[in-house]
Each structure stands twice: as structure tokens, then as C-alpha cells.
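The next block holds one structure in the form of C-alpha cells; read it before the comments.
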Amino acid sequence: MRRIIPSMAVPLLLLCLGVARISAQQQNPFLGSAPAGEATGPPLTLSLADALERGLRQNLGVLLEEQRLHQVEGDRWRLLAGLLPDASAAINEARQKVNLAAFGFSGFPGTPDVIGPFNVFDARVAVTQPVLDISAIYEARQGSAQLRAGQHAYEDARHVVVLVVTDLYLQVIAAQSRVDAARAEFATAESLYVLAVDQNNAGVVPRLDVLRADVERKTAAQRRIAAENETARARTALARAIGLPWMQAYSLADAMAYAPLQDPDPAMLRQKAFAHRPDVLRAQAEVEAARASASAARAARLPSVTVDGNYGWIGSAPATAEGTFAVAANVHVPLFAAGETRAREIDAQAGLRQRELQLQDLRARVSYEIDTALRDLGAAAQQVEVARSATDAAAEALTQARDRFGAGVATNIEVVQAQQAAAAAREGYIAALYAHNIAKAVLAKAVGADEQQFIRILGGESPWTNRR
């Protein structure tokens, strides 16, 4: 039994769906940006390359990832501190009175129990330099690996921005194509309505044909209004993702026509993805960082050697201070820290194993993503060819139905059916063309292509053997 939604519940349902979509956009940083500047008078002409350039500069997702990279750089310096010298300077001047008896110096002839008051001035520079600390060496390696992982994460964010902006650009193109199709359908429905009115006035067709043509005309107007509104939403989403100023008018320069891509070798794509995808390189660097962390935990049981020194001036006053220094080599041997050291080893080993498993899963996922993208690309190419043939056939059927109706040998039922078939065929072609272009973009992302290669791939060129 079909469930009917009460009429009052429909606006509430649409409102909830709209709020959910807005909330999802707010939570996804790659759909936001940090706009710069003010809107200019003349509309901007945006090519896909221009949109990508703006997105890579202003998109919120890549800007946030850039700041995370700075945080990783700070973490690296903290991990590197165990190998760097530590220098400090201090100036002290005090007036003291000391009770020698409190320190055990009492009962000596001629020695008072309390001496002073007297002045002490001490200006000194102290330096501590680690000489041998195996654990600190591995921690420094861990920091370097984490920094590489952060750099690859930043590159991966840029690749995500390229895919997101490309998708939004293609959505605007598809939405504009739907507007053009809806306007053409409305113009056709309008002319058929006028023809039906004229023929009804001439007594050729009944009033029912006029009503039927009027319904189709108003239905076409509704589709046109919905398509125009959806295009405005798509244009707003693209402008927001690439950081255009509010209310900045723009037009798209690239039409993204059908450009089939020659199927590359899946094995070659898999090798290139393992070598160039930023998320794979990031996972590999995270494994290296976890391995260094585990080694640092084990090395915490080993002795460490430092050299400590200081040089300064000490005396009762600055004018009478004399230079003094001290140099010492110190060996630190951890005798008993079993609980803390063992806990650190267990935690580091577990973290290493997690990173290794995540890398294995990612490598397997890369293979599946490439296979899926290739299948989607092949299916989308076939759909474009079928949809193109269907569009041509539907246009011819509409022309014939219109001619038959104009000649008075048929009712406009055939025309209405032909109109609906033509509209469905055009929608199918638009959807198939968008699916084909986005499949090429997804394949480029799966292999790890950069923004220049994205544009070449969308144009039908295969850059797989010419990666810079």
C-alpha cells in the first residue's frame, strides 16, 4: 500500500531536508572558503583552470590543512629538542647572612656560628649539549617522518579541492544545460499551445487539445523555474568553494563537451597511484614515524651522555667579580623506570601496528578505487552514446508528431508524449555527460593526478606516461 504524506507535512519535510543540506555544507570545510576582496562590476569569466587556481588559494579545507602543517612543524621541533643544545643565562646579586651551625660548622675556635651579612654577585651562562642519546635520535627521526606525513596530507587536501571544485564546476555546466533544455521545452510547449488554440478556433481540434497543451506548457514552465533555481544554487556552491566575493557575477568559459578517454592499463595506474598519491605517501610516512617512535621507546632504557658547562663572573660586587667556569661530562643511566618504559613500548608498538594495517587497507582501497573508476568511466561513455542516439530519435519523433498535429491528422496526445520523451532524453544525455566527466575526474584523483593533469584528463588527453 502506498504511503501518502499529509499535505502539511510536505513543507516541513522539505524544510528539514534543506536544513540538513545546509548543515552538511557547513560541516565540510572543502565546501567553504575564506573570500578575499570585494565583488567587481563586470562578471568574471572562469575557466576550469581559473576556478582550480582560486580554489587552491582560498578554499577553507586547504587553508586549514596548511595551518595543521604548521602545527606539525612545531611538533617536529619539540621532538628535535632532545638533540639540540640548551643555553641559559642568569644574573644574581644577593646579600646573605649564613648560620654555619645549621650546616654542622660549630665549635671551631675562632669561627663564629653566624657570618655576614655579605654580598654575592654571580653572572653566568650555562650550556647543556646532548652527546649521545639514542632515544632522542629516534624521536628526531619520528618528527621528520611526521613532517613528511603532514606535507603529504597538505598535498592530499589540495587534490581533494581539485576534485571538489571540478565536481562543482561540472554541476554548474550540467545545471545550465538543464536550464537551456527547459527553456527550449517551454518555447516548444508555448508554440504548440498557440497552434492548438488556432486549430481549436478553426474547428479542427477540440477544446481538450487546448487544455492538454496548456497543461504541458505550464508543466514546462515549472521545470524551467526549478532548473533555473537549481542552477543558481549550483553557481553559489561553486562561488563559495573557490572564495569568490559575495554577489560576484561570473560565467563559465569551458563547456566540457564529450571527450572520450582512452582506457589506460590498470596495472600501470595502480603503480602510479602507489608512487604518487599523497594519501599513500602520507600513510607510508606515518608508518615510518610510528616505527621511529617504537625504536625511541626501546632506546629509552639505554644510557645517555651530556656535556654541561658554564662560564661566568662571581664576586662580592660586579667590580670585583672574577671569571670562573665549570665543564662536566654526565652519563645518565636509567636504573628503574620499568613501568613507564614498558607502557611506552606497548603503546608505540600498538601504534605502529595500527599504521601498518591502515597502510595495507589503503593500498587495497587504491586498487578498488581505480577498478571502480575505470568501470564507471566505461559505463558512462556507453551511456553518453546511447543517450545521444536517444536524444536524436526523440527530437525527430517530436518533429514528426508536431507536423502530424499541425496537419490535423493526429491529436496532440502524440505531441505531449513526444515532448515528454524528448525532455527525458535530453535529461538523460545531460546526466550521462556529467557522469562521464566526473568519472574521469574521479579516476584522475584515484591515480594521484595534479590540477594540470585534471584538466588534460577532462579534455580527453591521457597524461599517464608523462607525469612531471
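Computed values, structure above
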| item | result |
| --- | --- |
| The range 91-120, subset more than 60 Å from the chain's Cα centre (by Cα) and among the small types (Gly, Ala, Ser), residue nearest to Pro318 (Cα to Cα) | Gly116 |
| Pair list, Cβ < 9 Å and 6+ apart or interchain, from the range 221-233 residues that are farther than 9 Å from Ala175 by Cβ and touching a residue at least 24 places away in the same chain (Cβ under 8 Å) to residues that are open to solvent by 50 Å² or more (accessible area, probe 1.4 Å) and among the acidic types (Asp, Glu) | Ala221/Glu190 |
| Qualifying positions in the range 304-330 - more than 24 Å from Leu83 (Cβ to Cβ), in a strand (DSSP E or B) and not hydrophobic (A, V, I, L, M, F, W, C) | Gly312, Gly315, Glu322, Gly323, Thr324 |
| Members of the range 198-217 that are hydrophobic (A, V, I, L, M, F, W, C) and either open to solvent by 50 Å² or more (accessible area, probe 1.4 Å) or at positive phi (or both) | Ala202, Val204, Leu208, Leu211, Val215 |
| Candidate set from the range 190-207 (those that are in contact (Cβ under 8 Å) with a residue 12 or more places away in the chain and farther than 17 Å from Val409 by Cβ); member that is nearest to the chain's Cα centre (by Cα) | Glu190 |
| Within the range 290-302, tally of residues that are open to solvent by less than 10 Å² (accessible area, probe 1.4 Å) and either under 22 Å from the mean Cα position of the chain (by Cα) or under 17 Å from Leu362 (Cα atoms) (or both) | 0 |
| Residue tally, condition under 42 Å from the mean Cα position of the chain (by Cα) and outside any helix (DSSP H, G or I), over the range 381-425 | 0 |
| Among the residues listed as Leu398, Leu443, Leu362, Leu374, the single one being closer than 30 Å to Ala296 by Cβ and of a type in the set (A, V, I, L, M) | Leu362 |
| Yes/no for Asp361 being open to solvent by 30 Å² or more (accessible area, probe 1.4 Å) and farther than 25 Å from Ala182 by Cβ | yes |
| Pick from the range 106-136, criterion assigned to a loop (DSSP other than H, G, I, E, B) and over 30 Å from His332 (Cβ atoms), ranking: modelled with the lowest pLDDT | Gly107 |
| Near pairs, Cβ below 7 angstrom, 6+ apart or cross-chain, from the range 394-409 (farther than 21 Å from Ala181 by Cβ) to any residue that is modelled with pLDDT under 80 and of a type in the set (Gly, Ala, Ser) | Arg404/Ala410 |
| Positions within the range 165-218 being over 25 Å from Ala432 (Cα atoms) and among the charged types (D, E, K, R), in sequence order | Glu190, Asp198, Arg207, Asp209, Arg212, Asp214, Glu216, Arg217, Lys218 |
| Residue that is most open to solvent (accessible area, probe 1.4 Å), among those in the range 151-182 that are closer than 30 Å to Val415 by Cα and among the small types (Gly, Ala, Ser) | Ser177 |
| Matching residues, the range 209-253, being among the aromatic types (Phe, Trp, Tyr) and in contact with a Leu (Cβ under 6 Å, 6 or more places away or on another chain) | Tyr250 |
| Qualifying residue in the range 163-177 (condition: in a helix (DSSP H, G or I), within 30 Å of Glu288 (Cβ to Cβ) and within 46 Å of the chain's Cα centre (by Cα)) | yes |
| Residue within the range 361-368 that is at pLDDT below 90 and either touching a Pro at 6+ places or on another chain (Cβ under 9 Å) or not aliphatic (A, V, I, L, M) (or both) present | no |
| Those residues of the range 421-438 which are in contact (Cβ under 8 Å) with a residue 40 or more places away in the chain and either open to solvent by 10 Å² or more (accessible area, probe 1.4 Å) or in contact with a strand residue (DSSP E or B) (Cβ under 7 Å, 6 or more places away or on another chain) (or both), in sequence order | Ala423, Arg426, Glu427, Gly428, Tyr429, Ile430, Ala431, Leu433, Tyr434, Ala435, Ile438 |
| Neighbours by Cβ (under 6 Å, 6+ apart or cross-chain): first from the range 67-90, within 14 Å of Arg141 (Cα to Cα); second basic (Lys, Arg) and modelled with pLDDT of 90 or more | none |
| Flag if Glu185 is surrounded by fewer than 19 Cβ atoms within 10 Å (Cβ to Cβ) and modelled with pLDDT under 90 | no |
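The values are calculated or read from the model by the stated rules, or taken from the named source; none is laboratory data. As the structure is a computational prediction, the values presented were derived from the model and not from experiment. Using ideal geometry, Cβ is built from the backbone for each residue, glycine included, and neighbour counts are taken over all protein chains shown. When the accessible area is computed, the model is the full protein with side chains, heavy atoms only, and any ligands, DNA or RNA have been set aside. Shrake-Rupley method; radii C 1.70, N 1.55, O 1.52, S 1.80 Å.
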